[in-house]
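Throughout, read-outs are computed from the coordinates displayed, never taken from laboratory work. Just so we're clear, the structure is a prediction, and the values are computed from it rather than from any experiment. Methodologically, a virtual Cβ is constructed for each residue, glycine included, from the backbone with ideal geometry; neighbour enumeration extends over all protein chains shown.
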Amino acid sequence: MEIATFAAGCFWCVEAIFQQLKGVTSVVSGYTGGHTENPTYNQVLTGNTGHAEACQIEFDPDQITFEELVEVFFETHDPTTLNRQGNDVGTQYRSAIFYHNESQKKAVELFKEKLEASGVWKKPIVTQITPFTKFYRAEDYHQDYFRNNPNQQYCRYVIRPKLEKFEKVFKLKLSP
């Protein structure tokens, strides 16, 4: 098993997407990239801890590659908006990949270069590519949020449409 750590706005959205993929064995919502030890959601929400809401994704590289995860990451959020995804604004909602080794770093840099050269995005990609340091698991009520709260307003109006788009584009990569 290998680990990938992605921040792409609200971790509820990131978690709901990556849980659907074949080869992903677990997705944990939490905080990374900051300077406060053991931050709480309320602390991270202020933007003062330096952390991003992120997901730590455990995956089987024989079933899904890190590069495929990176593709899903870039396809399922806007990597051109600095410190923002939709109505979620602040450094805690930044677009970032926290690489765990040089191989991951090179794969992300290469993918980002190709994506920028393709012209898919009219604005520059602002996704941070940062070495992983420490991950703090979010409070229990944040784990499996969409699965546990499918009728909650944020889930219905923000996460569900993202999931529907994702499921159409990546239908061959979905777990049964």
Exercise. Give me the pairs, please: first residue somewhere in region 83-109 and touching a residue at least 40 places away in the same chain (Cβ under 8 Å), second residue anywhere and acidic (D, E), beta-carbon distance under 8 Å, and either six or more positions apart or on two chains.
Key: Q85/D78; Q92/E53; Y93/E53; S95/D78; H100/E2; A107/E67
Quiz prompt | Residue check, Y157 of a type in the set (S, T, Y) and touching a helix residue (DSSP H, G or I) at 6+ places or on another chain (Cβ under 6 Å) | solution = no
Exercise. Would you check if there is a residue in region 40-48 being in contact (Cβ under 8 Å) with a residue 40 or more places away in the chain and surrounded by 23 or more Cβ atoms within 10 Å (Cβ to Cβ)?
Key: yes
Quiz item: Just one of the numbered conditions (1) touching a Leu at 6+ places or on another chain (Cβ under 9 Å); (2) of a type in the set (A, V, I, L, M, F, W, C); (3) in a helix (DSSP H, G or I) is not true of V126; which one?
Solution: (3)
Exercise. Take region 59-106 and flag every residue that is basic (K, R) and surrounded by fewer than 22 Cβ atoms within 10 Å (Cβ to Cβ).
Key: R84, K105, K106
